[in-house]
Amino acid sequence: MVVFLKMGLKEESERIFSEYKEYADNDKSIYKHLSLACYYSFKGETDRAMENIRLFSEQNNYHYWTVVFLKIDPLIDNIKDLPEFKKIFNDIEAKFWNSHNHLKALLAKEKLI
């Protein structure tokens, strides 16, 4: 989407972005609101993007890549410097590491690691 747009292929970018929105709207996974937050951020709809990132932050058991890539995803460039986003992101990251450490302790207790 972003690459096509930067290459001047606006129609192709819009088509792919429209498909991305349809995918996000129908996503039944825990990542639905993250995808919608990215979509709305890129479209400049800050309020809708922040509402969806808040909803995603209520999820549990997401992958590490979510934390890593959220920091650098160009789709969130419009919101990543907002104080509220920074707080929510810090909460998402802390929740991941708390879950990771809890699981690690359980596995160690069972002598699985």
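The values are calculated or read from the model by the stated rules, or taken from the named source; none is laboratory data. Treat the numbers as computed from the prediction; the structure is a model and nothing was measured. Please note: Cβ atoms are built from the backbone with ideal geometry, for glycine as well, and neighbour counts cover all protein chains shown.
See the values below:
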read-out	value
The lone exception for ILE72 - which of (1) in a helix (DSSP H, G or I); (2) loosely packed, with under 13 Cβ neighbours inside 10 Å; (3) of a type in the set (Val, Ile, Thr); (4) within 15 Å of the chain's Cα centre (by Cα) it fails	(1)
ASN52 being of a type outside the set (Gly, Ala, Ser), outside any helix (DSSP H, G or I) and in contact with a helix residue (DSSP H, G or I) (Cβ under 7 Å, 6 or more places away or on another chain)	no
Criterion (loosely packed, with under 12 Cβ neighbours inside 10 Å and under 15 Å from the mean Cα position of the chain (by Cα)) met by exactly one of HIS63, HIS102	HIS63
Region 22-47: number of residues that are more than 21 Å from GLU84 (Cβ to Cβ) and among the charged types (D, E, K, R)	4
Residue under evaluation GLU19, criteria (1) in a helix (DSSP H, G or I); (2) crowded, with 17+ Cβ neighbours inside 10 Å, criterion not met	(2)
Yes/no for ILE30 being surrounded by 11 or more Cβ atoms within 10 Å (Cβ to Cβ) and in a loop (DSSP other than H, G, I, E, B)	yes
Condition broken by MET1, with the remaining ones in (1) among the aliphatic types (A, V, I, L, M); (2) under 30 Å from HIS102 (Cβ atoms); (3) touching a residue at least 40 places away in the same chain (Cβ under 8 Å) satisfied	(2)
Matching entry among PHE4, PHE56, PHE17 (being modelled with pLDDT of 95 or more and not small (Gly, Ala, Ser))	PHE56
Residue list for region 75-99, filter: part of a loop (DSSP other than H, G, I, E, B) and surrounded by 11 or more Cβ atoms within 10 Å (Cβ to Cβ)	ASP77, ASN78, ILE79, LYS80, LEU82
